[in-house]
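Visitor: Can you keep this structure in mind? I'll have questions shortly.
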Amino acid sequence: MRFGEALRHFREQSGLLQADLAKRVGVSGAYVSALETGRKGAPPFLLVESLARVLNCRTDELWTPAQEERRARLLDRVNGTRTSDVRVRTAAAEPGREVSSEQESMDQLEDACELLVAAPDLVAFLLELERSIPDLKTRAKVVEGLRALLRSRNL
């Protein structure tokens, strides 16, 4: 089940309108609609946690499909493919793949930043990064890019 489908299911089960749910979690009704229809990708963990609390469901009932969508999008970007929707695709990282261009490297760094923000903790981030980018050289370049980014922002 896609994240948007799960969100709609629990929202309807709770008897809430999109606008009501949006107001309770601090987002717009248009954003909730976009999440449900798949026009927007699955949100970060903190928002999923807020949604689950308001919808009286377990966080993992929303977070599991959200992670699957975020993982698929990340893998698509790491593998150099782009998708125009957020349907979960079966994509596998290519072992031994080198970063072939500066743009691809920047895309991987951007994806790692998204993953870092979405991860519930640092250990989860590192495990997901290892799973998503099995090639050690590529993963090391992404981590070094993250370090430089964090240093440049004094984090």
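What follows draws every value from the coordinates through simple rules; no lab data is involved. Not measured: the values here are computed from a predicted model. Methodologically, a virtual Cβ is constructed for each residue, glycine included, from the backbone with ideal geometry; neighbour enumeration extends over all protein chains shown.
Visitor: Straight-line reach from Lys23: which lysines have a Cα under 19 Å away, not including same-chain ones fewer than 8 places off?
Guide: The qualifying lysines are Lys40.
Visitor: Does region 3-63 come out rounded, prolate or oblate, given a ≥ b ≥ c as the square roots of the eigenvalues of its C-alpha gyration tensor, rounded meaning a/c under 1.5 and, failing that, prolate meaning a/b above b/c?
Guide: Cα axes put region 3-63 in the rounded bin.
Visitor: While we're here: Using DSSP to call loops (not H, G, I, E or B), can you name the trypsin sites (Lys or Arg not before Pro) in region 1-77 whose Cβ has at most 16 other Cβ atoms within 10 angstrom?
Guide: Numbers: sites: Arg2, Arg8, Arg11, Lys23, Arg24, Arg39, Lys40, Arg53, Arg58, Arg70, Arg71, Arg73, Arg77; in loops: Arg2, Arg39, Lys40, Arg58.
Counting only loop positions with at most 16 other Cβ atoms within 10 Å, the trypsin sites (Lys or Arg not before Pro) in region 1-77 are Arg39, Lys40, Arg58.
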